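I have placed the structure first, in the form of structure tokens, so that the comments after it can refer back to it.
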Amino acid sequence: MLETPAAIISPPLSMTWPRFGQPLRLGIMASGSGSNLEAIARSIQRGDLHAQIQVVLYNNPGAGVAERANRLGLPTVLLNHRHYPSREALDQAIVQALGAHGVDWVVMAGWMRCVTNVLIDAFPRRVLNIHPSLLPSFPGLRAVEQALAAGVKVAGCTVHQVELEVDSGPVVMQAAVPVEPGDTPATLQARIQVQEHRIYPAAIALAAAEQSGL
Ligand code: GAR
């Protein structure tokens with residue numbers, strides 16, 4: 001019987017991660033449970049990703065990511081979007097907090113807000129995002145539900161550089177997983193998340209390596 005592969009990852013995960021003179025100084029932005037934050041932090045702890053997490057910014061009081069960051073001993077800053085008059089004003093506060101913590105790479109790990117040029121221009125080509133679809137298919141909210149509704153046979157996740165349009169920008173790395181008969185949004189999301197946790201740390205290293213010409 002032919003077996004469906006668990007995932008196809010491109011470019012392939014490498015056993016030899018690029019090293020940098022100094023660890024990458026990451027600022028994580030998250031709105032939800034923070035499982036991608038934890039995957040990145042564990043990759044750093046294992047010595048795979050040569051980086052340090054300077055700060056975790058989150059926008060929802062009570063979001064699981066805050067507790068997870070505390071458990072991992074990472075500093076957190078709550079920037080509640082409801083307290084800012086515009087997206088630009090929120091992004092100004094974000095840029096200020098990232099700057100105050102010495103961040104040089106911005107990693108959106110389940111950040112569920114649209115960003116503006118205020119953030120993008122402050123970190124040119126240094127803002128990354130992960131999205132639970134094979135972009136450019138199914139951008140925006142409820143990507144996994146969109147994929148199931150469209151009847152696709154292959155789903156997945158994408159790490160990309162952030163541009164102004166939601167879930168757009170140059171692709172850094174993708175993982176594809178099969179959609180299985182009887183899949184629900186929850187079962188497909190879980191299959192995709194396993195791969196998110198594998199590719200995000202590698203994609204951060206890859207994006208940084210590409211930019212420094214390694
Ligand atoms: C992830 O599945 C990520 O792809 C998605 O939010 C989830 C966060 O999970 N991001 C988006 O949909 C962005 N458009 P986590 O809080 O467990 O890391």
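Throughout, read-outs are computed from the coordinates displayed, never taken from laboratory work. Fair warning: this is a prediction, and the values are worked out from it, not measured in the lab. FYI the Cβ positions are ideal-geometry reconstructions off the backbone, even for glycines, and counts take in every protein chain you see.
The table that follows gives values for the structure above.
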quantity	calculated
Hits in the stretch 95-110 (condition: within 16 Å of the ligand (Cβ to nearest atom) and among the β-branched types (Val, Ile, Thr))	Val106, Val107
Selection count, the stretch 58-84, where residues are of a type in the set (A, V, I, L, M, F, W, C) and in contact with a His (Cβ under 9 Å, 6 or more places away or on another chain)	1
Near pairs, Cβ below 7 angstrom, 6+ apart or cross-chain, from the stretch 46-73 (in contact (Cβ under 8 Å) with a residue 12 or more places away in the chain) to any residue that is among the basic types (Lys, Arg) and within 15 Å of the ligand (Cβ to nearest atom)	Asn59/Arg113
Test: residue in the stretch 169-176 that is within 13 Å of the chain's Cα centre (by Cα), of a type in the set (S, T, N, Q), more than 11 Å from the ligand (Cβ to nearest atom) and over 28 Å from His81 (Cβ atoms)	yes
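Condition check ((1) more than 24 Å from His81 (Cα to Cα); (2) within 14 Å of the chain's Cα centre (by Cα); (3) of a type in the set (Asp, Glu)) across all residues:
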{"residue": "Asp104", "(1), (2), (3)": "no, no, yes"}
{"residue": "Gly110", "(1), (2), (3)": "no, yes, no"}
{"residue": "Leu119", "(1), (2), (3)": "no, no, no"}
{"residue": "Ser137", "(1), (2), (3)": "yes, no, no"}
{"residue": "Leu141", "(1), (2), (3)": "no, no, no"}
{"residue": "Leu148", "(1), (2), (3)": "yes, no, no"}
{"residue": "Val152", "(1), (2), (3)": "yes, no, no"}
